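The values are calculated or read from the model by the stated rules, or taken from the named source; none is laboratory data. The shown structure was predicted, so the numbers you read here are calculated from the model rather than taken from an experiment. Please note: Cβ atoms are built from the backbone with ideal geometry, for glycine as well, and neighbour counts cover all protein chains shown. When the accessible area is computed, the model is the full protein with side chains, heavy atoms only, and any ligands, DNA or RNA have been set aside. Shrake-Rupley method; radii C 1.70, N 1.55, O 1.52, S 1.80 Å.
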Amino acid sequence: MDRPLLISSLLEFGARYHADSEIVSRSVEGPIHRYTLAQSHDRAKQLAKAMARLGVAEGERVATIAWNGYRHFELYFAISGMGAVCHTINPRLFHEQIVYVINHAEDKYVFLDLTFVPLLEALAAHLPKVAGYVIMTDKEHMPETKLENALCYEELLAAEDGDYAWPEFDELTASSLCYTSGTTGNPKGVLYSHRSTVLHTLAVCAAGGAGPTNRSSYLALVPMFHVNAWGLPYGCAMTGAKLVLPGPRYEGDMIFDLMDAEKVDKAAGVPTLWLLLLGEMQKRGCKPDGFETLVVGGSAFPTSMIETFEETYGINVHHAWGMTELSPIGTSGTILPAMDGLAKEARWAVKNKQGRPIYGVEKKIVGESGEPLPEDGEAFGEMLVRGPWTARAYFNDAEATAEQFTEDGWFRTGDVCTLDENGIMQIVDRSKDVIKSAGEWISSIDLENAAMAHPAIQEAAVIGMAHPKWDERPLLVVVAAEGETPVLEAVNAFLADKVAKWWLPDDLLVLDELPHTATGKVSKLNLREQLKDYVFPGV
Ligand code: AMP
């Protein structure tokens with residue numbers, strides 16, 4: 001039967017068949033909030049009615065600037081469910097980028113957490129098309145605000161009953177919109193459809209043990225403003241997994257306590273957050289009770305961390321790779337049954353790679369003139385992807401579309417990778433970050449991974465710096481571990497048996513902190529800018 005795949009059906013199903021499954025949020029106002037999928041569904045319907053009353057029509061964009069919490073969850077379903085487009089904004093973008101994305105998307109309303117009232121007050125004068133701002137709190141916590149047309153979320157809901165039937169429409173209707181903060185130029189919009197989102201949800205839930213099930217308590221550390229929190233809100237609604245949402249505080253003790261209290265068995269986030277949790281685990285000498293599977297993606301995860309989580313704490317590390325343009329999941333890093341007998345080190349080496357394609361993500365690596373390269377684990381080139389939840393264009397951006405999409409229907413990821421005979425992918429580098437030394441390529445990611453295992457180093461980035469003889473040479477920039485002073489000679493001695501000799505960094509700089517992008521990755525663009533006057537000693 002030709003039944004449309006609609007996002008509203010995920011929550012409707014969850015509310016009917018997993019009615020009592022919980023959504024637990026650390027609220028912006030402070031206390032832990034908990035309710036059930038059935039209650040969430042009722043409120044999402046009230047919210048859809050409230051938005052219709054505000055004049056939001058099908059196809060119009062409604063923005064959110066919010067942490068991971070239950071009201072944000074309701075917005076995901078209410079906005080898309082009524083046929084409008086849920087535009088989740090990353091609050092860590094530069095102010096001018098936030099202005100750009102709201103204007104580019106032509107957002108009609110902006111829903112914001114209390115935290116972001118001052119931010120929107122500062123920007124509102126530049127947002128002429130926004131009809132109003134809905135502050136995601138109750139009457140009691142409504143702040144004094146300079147925002148014109150500021151409305152209270154709970155008051156809007158209280159005015160509606162839940163008597164609402166989700167409309168049916170074409171599954172190819174746009175459902176949500178995320179902007180990816182490119183390293184250069186304006187952010188680029190990726191528009192998802194109901195069909196792509198539902199198919200991606202099915203794939204996430206089938207992704208080799210990393211997805212939610214009706215028995216999981218799942219912590220979404222990955223922000224809901226970053227690629228739909230990797231699809232977890234949809235997946236938890238569909239499967240009835242308990243969904244745990246961390247709210248505004250991202251600190252080691254808070255993450256630990258929340259996981260411990262809610263008996264979280266699976267959690268997903270980027271490496272920097274796992275570093276925070278690991279620090280707390282080391283302090284307390286244990287892991288949060290019941291924690292079994294750590295899902296990591298977004299940037300490379302050093303082997304030393306995989307080893308510590310698995311060996312010291314018995315936590316299964318599940319590595320995934322993806323991109324905003326892929327909804328985002330593209331691979332899943334499971335150990336194949338044939339690898340079960342591998343020695344520990346070999347196992348961690350496999351887990352350090354980015355994993356195998358999941359069904360629905362076709363991949364190939366190509367050389368500089370677009371020729372396909374062998375999948376032998378050695379040859380590396382740019383990864384191209386296509387599939388039913390891969391974007392086919394950027395939203396209203398012909399220039400960026402022409403750059404990133406090939407004429408024969410593939411998306412150019414910008415990731416330089418190897419693929420082996422099992423389909424396991426390993427990122428060598430971002431195409432813009434790879435270091436070209438005397439015509440040969442050095443992987444900044446491999447060097448960083450190896451350097452991060454050095455006990456004196458807390459965080460590392462490697463960038464190629466101009467060199468008169470070799471074209472570019474690697475510069476290692478680090479944040480020192482507490483009480484340590486890393487020096488080049490010692491670090492290079494440590495790296496000597498881990499990377500080729502000619503890869504060893506020519507210099508090491510210690511900084512107080514590394515610049516990060518809005519999604520928590522080290523911003524090499526900013527780092528290069530910061531170090532633009534740097535010259536290698538003796539050159
Ligand atoms: P975003 O669209 O912000 O999610 O960023 C996507 C990019 O993050 C990819 O193109 C990769 O360069 C990087 N990335 C994502 N997952 C991983 C991973 N598991 N290991 C290394 N880099 C990753």
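Each Lys or Arg adds one and each Asp or Glu subtracts one; over the other residues with Cβ under 12 Å from the Cβ of ARG43, this totals -2.
How much accessible area per residue does region 26-67 have, counting only protein heavy atoms and a probe of 1.4 Å, in square angstrom? Intermediate values should be presented prior to the final figure.
On the way: 1610 Å² over 42 residues.
Solvent-accessible surface per residue comes out at 38 Å².
Let me know the shape class of region 162-243, please: from the alpha-carbon gyration tensor, a ≥ b ≥ c as square roots of the eigenvalues, rounded when a/c is under 1.5, otherwise prolate if a/b is greater than b/c, or oblate. Oblate.
Shape of region 336-391 from the C-alpha gyration tensor: oblate (a/c of 1.5 or more and a/b not above b/c, with a ≥ b ≥ c the square roots of its eigenvalues).
Rounded, prolate or oblate: which fits region 73-208 when a ≥ b ≥ c are the square roots of the eigenvalues of the alpha-carbon gyration tensor, with rounded for a/c under 1.5 and prolate only if a/b beats b/c? Oblate is the answer for region 73-208, as a/c is 1.5 or above yet b/c matches or exceeds a/b. If one computes the Cα centroid of region 55-74 and of region 299-325, what distance in Å separates the two points? Answer, in whole Å: 31. Considering only protein heavy atoms and a 1.4 Å probe, what is the carbon-and-sulfur percentage of the accessible area of region 418-503? Using a 1.4 Å probe with all protein chains present, region 418-503 comes out at 52 percent carbon and sulfur.
So what's the gap between the Cα centers of region 352-392 and region 107-150, to the nearest angstrom? Computed from Cα coordinates, the inter-centre distance equals 42 Å. In this Cβ point-charge picture (+1 for Lys and Arg, -1 for Asp and Glu), region 158-286 has a dipole of about 580 debye about its Cα centre.
Can you give the accessible area per residue of region 82-191, in Å², using a 1.4 Å probe?
On a per-residue basis, 44 Å².
Each peptide among 428-434, 372-378 gets the average number of other Cβ atoms lying within 10 Å of its residues, and from highest to lowest they stand as 428-434, 372-378. Ignoring ligands, DNA and RNA, please state the percent of accessible area on region 116-234 from carbon and sulfur, probe 1.4 Å. Accessible surface attributable to carbon and sulfur in region 116-234 totals 50 percent.
At 1.4 Å probe size, put LYS436, LYS498 in order of accessible surface, largest to smallest.
Working: LYS436 75, LYS498 100 Å².
From most accessible down to least: LYS498, LYS436.
Surface composition of region 253-303: carbon plus sulfur atoms contribute 52% of the solvent-accessible area (1.4 Å probe, protein chains only, all chains present).
Straight-line cross-link reach from LYS344 at under 18 Å between alpha-carbon atoms covers these lysines, not counting any fewer than eight positions away in the same chain: LYS353, LYS498. Sparsely packed loop sites in region 380-484 (the GluC sites (Glu not before Pro) outside DSSP H, G, I, E and B with at most 12 other Cβ atoms within 10 Å) comprise GLU407, GLU421, GLU482. Going by Cα centres, region 517-539 and region 254-271 are how many Å apart? A separation of 33 Å, based on Cα centres. In the chain, taking the dipole from charged Cβ atoms about the Cα centre, the farthest positive-side position among CYS286, VAL477, ALA150 is held by ALA150. For region 332-392, which chymotrypsin sites (Phe, Trp or Tyr not before Pro) pass both filters: DSSP loop (anything but H, G, I, E, B) and at most 15 other C-beta atoms within 10 Å? Listed in order of number, the matching sites are TYR359. Heavy atoms of the protein chains alone define the surface here; on that basis region 328-377 has 52 Å² accessible area per residue at 1.4 Å probe size. Net charge of the neighbourhood of GLY333, taken over other residues with C-beta under 9 Å away and scored Lys/Arg +1, Asp/Glu -1, is +3.
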